[in-house]
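Here's the structure we're looking at; comments come further down.
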Amino acid sequence: MTMDPAVSLGRGLVLPNPVGVASGTFGYGFEAERMGPIAHLGAVYSKGTTLLPREGNRPPRISETSAGMLNSIGLQNPGVEVVARDYAPRWREWSVPVVVNVAGAGITEYVEVCERLSDVAGVAGLELNISCPNISHGMDFGTDPKRAKALVEAVRRVTELPLIVKLTPNVTDITEVGRAVEDGGADAISAVNTYLGMKISVKERKPVLPGMGTAGLSGPAIKPLALAAVAKLRRAVELPLIGIGGIGSTEDALEYLVAGADAIQIGTANFYRPGVSAEVLSGLIQFATDNSLQSWRDLRWSD
Ligand SMILES: Cc1cc2nc3c(=O)[nH]c(=O)nc-3n(C[C@H](O)[C@H](O)[C@H](O)COP(=O)(O)O)c2cc1C
């Protein structure tokens, strides 16, 4: 292949290729590293990380649906101190860039977590999760353009790291929040997080997943919805876009690149086909060679 597969997400963050693994489906990369090679990846997006450790929601926390899965993990993570002190030095030895997914209960927590990670070697960038449907107030920022912009501005003031903002699709118009985070100083946008869903046990006459009963839907079921969200965003913002939602094959990834994504993340498919990211990357490279692409952007749909 003559084409350079690298993609730039702004502020100096250049991924060796567009294929990353989505937050919450790859942990912090260490278990996956023991199971098989990960050096081919364009990026690892870590589990959502908060200021203090969290145990997450009570089980059961996942359930299969006809074309996907529901999860209600509730941001189980060891807290930012462990990530900065113990995990980042290990990432420093990797060739794969690691982007830390950050969550918080309010602006202060987001700012503190991002500040702590700011000068830590091994952290290539931050992905602000303003879209978690599984904790109370998890989507407060992602569903309100004004608050989303204020959050990005506040975080922008404390870090020079590349800042990706991950949007929720659980809004009337995702482009309003996309424009707001662009104005606030984001370097890139990832879209989308999970769709709010529910599964009911008729036998027990209650939702299968405890708590509020709602959970986040992911997997093949959401691909057409997420693809539409990415295509809408592409027409509304200039920022690089990372497409996420139901990607499990080269064809799926290509659809996102045509819709306007600069890079992609694979989530749920990692659970049922652990080798999927390597497969998708080699499929993309084969496609680029067969079609003499000069850049992934050649694929973009323009009308
Ligand atoms: C079990 C599980 C845990 C997740 N945890 C997070 C998280 O901590 N932070 C986040 O931004 N997204 C999280 N997500 C959302 C995924 O990163 C991704 O946006 C979503 O699953 C859609 O992609 P997919 O259809 O390829 O899975 C999680 C998804 C799953 C299935």
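Points to keep in mind about this one:
- Within region 187-211, restricting attention to residues that are among the hydrophobic types (A, V, I, L, M, F, W, C) and within 16 Å of the ligand (Cβ to nearest atom), the residue that is farthest from residue 44 (Cα to Cα) is 208.
- Among the residues of region 46-72, the ones that are of a type in the set (A, V, I, L, M), in a loop (DSSP other than H, G, I, E, B) and under 27 Å from residue 263 (Cβ atoms) come to 1 in all.
- Near pairs, Cβ below 9 angstrom, 6+ apart or cross-chain, from region 7-29 (buried (at least 18 other Cβ atoms within 10 Å of the Cβ)) to any residue that is acidic (Asp, Glu) and in a strand (DSSP E or B): 23/127
- Residue 90 being among the charged types (D, E, K, R), more than 13 Å from residue 101 (Cα to Cα) and surrounded by fewer than 17 Cβ atoms within 10 Å (Cβ to Cβ): yes
- Any hit, region 37-45, residues being assigned to a loop (DSSP other than H, G, I, E, B) and either free of Cβ contacts under 8 Å to residues at least 24 places away in the same chain or more than 25 Å from residue 266 (Cβ to Cβ) (or both): no
- In region 40-62, the residues that are of a type in the set (Lys, Arg) and surrounded by fewer than 17 Cβ atoms within 10 Å (Cβ to Cβ): 58
Only the coordinates and a few stated rules stand behind these numbers; no lab work does. The structure presented is a predicted model; accordingly, all values stated were derived computationally and were not measured. Glycine also receives a Cβ, built like all others from the backbone with ideal geometry; neighbour counts cover every protein chain displayed.
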